[in-house]
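Working notes, beginning with the structure itself.
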Amino acid sequence: MNGTAHAAVGAATGFVVANNFQADPATTFLFVGLGTVSSLIPDLDIDGKLRGKITLSSKLFQAVGQLIGILMIAYSFYEGTDTTRYLGIGIGLGLIIIASSIKQKHMLTITGIGVIAGGVNLQEIWLILLGVYIFIASFTAHRSYTHSIIGAIFFGFIASKLELSLGVEGVYYTCLIGYVSHLVTDSKLLPFNKRGIKLFLPIWSKEI
């Protein structure tokens, strides 16, 4: 199923949960948004369609990294003294080499690290955990662990921390049901899906 269909189902689940909790219009809008986002989260794996949409261009990242490296070399050369000069030049060269080797496939990993850093800075557990999820997902094959019970449990834990942070009852159910809706609509339970999901990884790798 494509992203638009997943998002539509997720939005619908958010609306249903909002009605169940008799939410006001603002909270209903929040639940619809969370349901939509949660229904797309499983595709945050290495080959998922969502990967390229939430990450910066690797070329832009390369250019920024190389520019910082060049500036560090120039500054160290003109302003550094003895050991600090050579150390600064070495770090600058290292930045240029590392930045040059970064490809688009690495950007999801970098995004995960950035989200973790943002969560630490804001002291938000749910954001740190989301960063960990993204970081791990950047190394997993498409329709594997993010489309499994393990992925759903981990995301459910993130959702529980988000509900605690927002103080809005129903956030947990909205996020979890939105996530699970993706797994259901990608499974072979729907006859038009040629591929299924490996729901019981790592115990059982058969697609269902």
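Read-outs throughout are calculated quantities, based only on the coordinates presented, and are distinct from any laboratory measurement. Remember, predicted model here, so these are calculated numbers, not experimental data. When we count neighbours, we look across all protein chains shown, and the Cβ atoms used for this are built from the backbone with ideal geometry, even at glycine.
Quick notes on this one:
Residue by residue, here is whether (1) closer than 27 Å to residue 141 by Cβ; (2) touching a helix residue (DSSP H, G or I) at 6+ places or on another chain (Cβ under 9 Å); (3) without any contact (Cβ under 8 Å) to a residue 40 or more places away in the chain holds:
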residue: 68; (1), (2), (3): no, yes, yes
residue: 87; (1), (2), (3): no, yes, yes
residue: 96; (1), (2), (3): no, yes, yes
residue: 111; (1), (2), (3): yes, yes, no
residue: 116; (1), (2), (3): yes, yes, yes
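- Given (1) under 18 Å from residue 17 (Cβ atoms); (2) assigned to a loop (DSSP other than H, G, I, E, B), number of the condition residue 191 does not satisfy: (1)
- Scanning region 86-113 for residues that are buried (at least 16 other Cβ atoms within 10 Å of the Cβ) and not polar (S, T, N, Q) yields 88, 89, 92, 95, 96, 99, 102, 107, 108, 110, 112.
- Within region 17-40, the residues that satisfy the criterion of being farther than 29 Å from residue 194 by Cα and in contact (Cβ under 8 Å) with a residue 40 or more places away in the chain are 17, 18, 20, 21, 23, 27, 30, 31.
- Within region 118-159, the set of residues being within 20 Å of residue 203 (Cβ to Cβ) and without any contact (Cβ under 8 Å) to a residue 60 or more places away in the chain comprises 136, 148, 149, 150, 152, 153, 154, 156, 157.
- Conditions (1) touching an Asp or Glu at 6+ places or on another chain (Cβ under 9 Å); (2) touching a residue at least 24 places away in the same chain (Cβ under 8 Å): number failed by residue 163: (2)
- Within region 158-179, tally of residues that are in contact with a helix residue (DSSP H, G or I) (Cβ under 6 Å, 6 or more places away or on another chain) and closer than 19 Å to residue 12 by Cα: 11
- Residue list for region 1-24, restricted to those being assigned to a helix (DSSP H, G or I) and either over 19 Å from the mean Cα position of the chain (by Cα) or basic (Lys, Arg) (or both): 5, 8, 9, 12, 13, 14, 15, 16, 17, 18, 19, 20
- Given (1) touching a Leu at 6+ places or on another chain (Cβ under 9 Å); (2) exposed (fewer than 14 other Cβ atoms within 10 Å of the Cβ), index of the condition residue 138 fails: (2)
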